[in-house]
1. Mind giving me the FRET efficiency for Y170 and Q255? R0 is 22 Å, r the Cβ-Cβ distance, nearest 0.05 is fine.
2. First select every other residue whose beta carbon is under 14 angstrom from the beta carbon of E202; then total the charges, Lys and Arg +1, Asp and Glu -1.
3. Work out the FRET efficiency for N108 and D40 from their Cβ-Cβ distance, taking R0 = 41 Å, and round it to the nearest 0.05.
4. Quick check on my link table: of K59/K147; K16/K245; K80/K160; K59/K160, which ones sit more than 28 Å apart, alpha carbon to alpha carbon?
5. Rounded to the nearest 0.05, what FRET efficiency do V117 and N55 have when you use their Cβ-Cβ distance and R0 = 41 Å?
Amino acid sequence: MATDTKTTGDAAPAAKGTTLLEARGVTMRFGGLTAVNNVDLTVSSGEIVGLIGPNGAGKTTFFNCLTGLYIPTEGQVTYKGTVLPPKPFKVTAAGIARTFQNIRLFSNMTVLENVLVGRHTRTKEGLWSAILRGPGFHRAEAVSREKAMELLDFVGLADKAEHLSRNLPYGEQRKLEIARALASEPGLLLLDEPTAGMNPQETRATEELVFAIRDRGIAVLVIEHDMRFIFNLCDRVSVLVQGQKLVEGTSQVVQSDERVIAAYLGTPFEGEPGEAEAAEVEAAEAGAKEEGK
């Protein structure tokens, strides 16, 4: 991911079945600890792909490698055949958006303003335009507001556009984060545990929302611990254990794989990760973030 390519968004959806994301041999080491080890993954247009695994398996680390938050120690990530630059804002501009395991909204901004922030990679007005606030600036602002309101209507939050985001219930904050990600007009959306902390009704609503996103021509890659949600939702599921891909296939294939059952039910198998290993991965990631500040 070292190539610093110029990236621009492509609003036109790719033909169904076209490979969008291709990760080959992605490895992420923190000192002597290997958190992700030689992982391959592809996502094609029209697909919903799941990424599952026990705690400490390297799922979020792998997401961070895909989105430019981490530069992989080894391997390569491409989007539509172009190597992604190791800059999150350039990855977003290329057409990949994501949400986070922990909600990251601007709590003192309104619901509408949060979505408008997500459109920054799709607006062409520069500093002087913003300072002078000429006709071009006002036209661009009007277009952005219109598109933001369309997205809020899509996720069911149009009537709360002027509410402060911190005042939304938890489930609606999740929806808002998804709307903000969609504001960048991605071809691929990465969701990191979108149903964490939700009740069954909220989880079902999220499932319907993800299907609706796919129907808009946006491919989805999702991390989730709710197996019912994943197996109902995904065309393919990939399983990580100890940073390595254990198996990949349809929901039926993955559910019946004895190694997956062992990983989730705690049946011992050679090299099984434990709490100590998971804690070591988390500590290494925290150290890497501190060094990057």
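Readers should treat all values here as calculations from the given coordinates under stated rules, not as data from a laboratory. Nothing here was measured: the structure is a model prediction, and the numbers come from that model. Because the Cβ atoms are built from the backbone with ideal geometry, glycine has one as well, and the counts that use them run over all protein chains shown.
1. 0.15
2. -3
3. The calculated FRET efficiency here is 0.45.
4. In this structure, K59/K147; K80/K160; K59/K160 lie more than 28 Å apart at Cα.
5. 0.85
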